[in-house]
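Student: My questions will all concern the structure given below.
The values are calculated or read from the model by the stated rules, or taken from the named source; none is laboratory data. Because the structure is predicted, anything quoted here is derived from the model rather than measured. Quick reminder, even Gly has a Cβ in these numbers, built from the backbone with ideal geometry, and neighbours come from all protein chains shown.
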């Protein structure tokens, strides 16, 4: 009874003072601050020749990060790192083909003729008395080549492909469809990962098709002035990873093609390894709006700030669509949220605006954020909305231009997918095309932009994409070819979806988590 009386008294006092409950936010008001004219004005600058194609680590990229920072400063949106420090340093380097000398049982093996290195190496000398042969190098719940094998601290030798039953079905799946273990690069990567998980310090893979392909490329690079492959210094593999020829493998395992049984191989292997790398200075740009009720829960909105720089002839690859469109979209979304904050409508959850570097070099900036230096814990990250090319029309979609491709919205969270659909139906009414969301999509776009580094950590994602076009990765990807009315509406869709995620009572439920 006392509580009821207290509530009545408080209500009467508020009424007497003329205080009224704050009305719900009119989010269309804030979405309307996202305009084609502002997007166009920013993009004509960001994708201009002055920015020199925004190559990672080059002067044009430095202009890009300062351009983005200046916008956040002018909007009075702070950095989550420290006052005036909007740059998350991403340590990178250009890795050239390493120098490797190797002998097996006193007989020299020659790089490019007998083996090639597929990863970075630590400069060192190795002397090995035994290796471990692990058949196909597969480990699943139903089948494992690692049963009763101790590979910790050792080098593992495996071969390409996977075992097949007498009826031509694959042992690992029971079907005639090859699994990930047979699929080229991803198959080799899976085998390397398994070896690492079992504690191996190196892996030799026998894959004739891959060896024939890469050995010619790597030999040409070694003999030229190739500057190197860009990678994160803190992401460098400490694990030795070589492709070796079948001939070399058979000097170690003579019955390689007829016997998959794992076993210890006695052999004297000596290796001199020399790494060649040049540091690259680069950074992500971050800005932050703190939540009012659930500040520790973070929604990340991302796009990549880099592009591919200059052509060999010195022409500028402007990258207006890729990903200038995503960059300016994020700045407009940030402005819309900040306008709402000024009106007293701060989002319940916090929002991190993450502009990442090195996407064109292998998702390096987002990988650094998720794998090495997450400013906020990934288990507190409720979702990632990633914007990469939303300003153009796929030639396959001409005549039906009001669309956007969505990728990944249902891969981890059914709830996020349904939320996205609802916000679109209510506000923007864009055709949401899921063509490239299919797991069988040969383009594999799900794995090719920065959202993937969040998805692999079981953070629900949506990737917004307009598809490729004839100007993709060419100097002709310029600001005059952007469809600004489409860019405006697609940006508003991301804003509406972000608003709902940031303000709903519960975070999107992950009901399709992948094993880690």
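Student: Considering only residues that are on the phi < 0 side of the Ramachandran plot and either out of contact with any helix residue (DSSP H, G or I) (no Cβ under 8 Å at 6 or more places or on another chain) or crowded, with 24+ Cβ neighbours inside 10 Å (or both), which ones fall in segment 354-369?
Tutor: 354, 355, 356, 357, 359, 360, 361, 364, 365, 366, 368, 369
Student: Kindly list the number of the only condition in (1) under 26 Å from residue 380 (Cβ atoms); (2) out of contact with any helix residue (DSSP H, G or I) (no Cβ under 9 Å at 6 or more places or on another chain) that fails for residue 459.
Tutor: Unmet condition: (2).
Here's the yes/no breakdown for (1) touching a residue at least 12 places away in the same chain (Cβ under 8 Å); (2) surrounded by fewer than 19 Cβ atoms within 10 Å (Cβ to Cβ); (3) farther than 30 Å from residue 174 by Cα:
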| site | (1), (2), (3) |
| --- | --- |
| 46 | yes, no, yes |
| 56 | yes, no, yes |
| 61 | yes, no, yes |
| 129 | yes, yes, yes |
| 135 | yes, no, no |
| 140 | yes, yes, no |
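Student: Based on what the data block shows, is residue 135 modelled with pLDDT under 90, under 19 Å from residue 192 (Cβ atoms) and in a loop (DSSP other than H, G, I, E, B)?
Tutor: No; evaluated as a whole, the condition is false for this residue.
Student: Please specify each residue of segment 147-172 satisfying the condition of being assigned to a loop (DSSP other than H, G, I, E, B), more than 30 Å from the chain's Cα centre (by Cα) and either at negative phi or not assigned by TED's automatic domain parsing to the domain that holds residue 247 (or both).
Tutor: 147, 149, 150, 151, 154, 163, 165, 166, 167, 169, 171
Student: Could you tell me whether residue 255 is assigned by TED's automatic domain parsing to the domain that holds residue 145, part of a loop (DSSP other than H, G, I, E, B) and without any contact (Cβ under 8 Å) to a residue 40 or more places away in the chain?
Tutor: Against the criterion (assigned by TED's automatic domain parsing to the domain that holds residue 145, part of a loop (DSSP other than H, G, I, E, B) and without any contact (Cβ under 8 Å) to a residue 40 or more places away in the chain), residue 255 qualifies.
Student: What tally of residues in segment 177-189 results from selecting those that are closer than 18 Å to residue 135 by Cβ and touching a strand residue (DSSP E or B) at 6+ places or on another chain (Cβ under 9 Å)?
Tutor: So the answer is 5.
Student: Of everything in segment 385-404, what is part of a helix (DSSP H, G or I) and surrounded by fewer than 14 Cβ atoms within 10 Å (Cβ to Cβ)? Give them in sequence order.
Tutor: 395, 396
Student: Follow-up question, since we're still on this one. Could you tell me whether residue 194 is part of a helix (DSSP H, G or I), at pLDDT 95 or above and in contact with a strand residue (DSSP E or B) (Cβ under 8 Å, 6 or more places away or on another chain)?
Tutor: Criteria met by residue 194.
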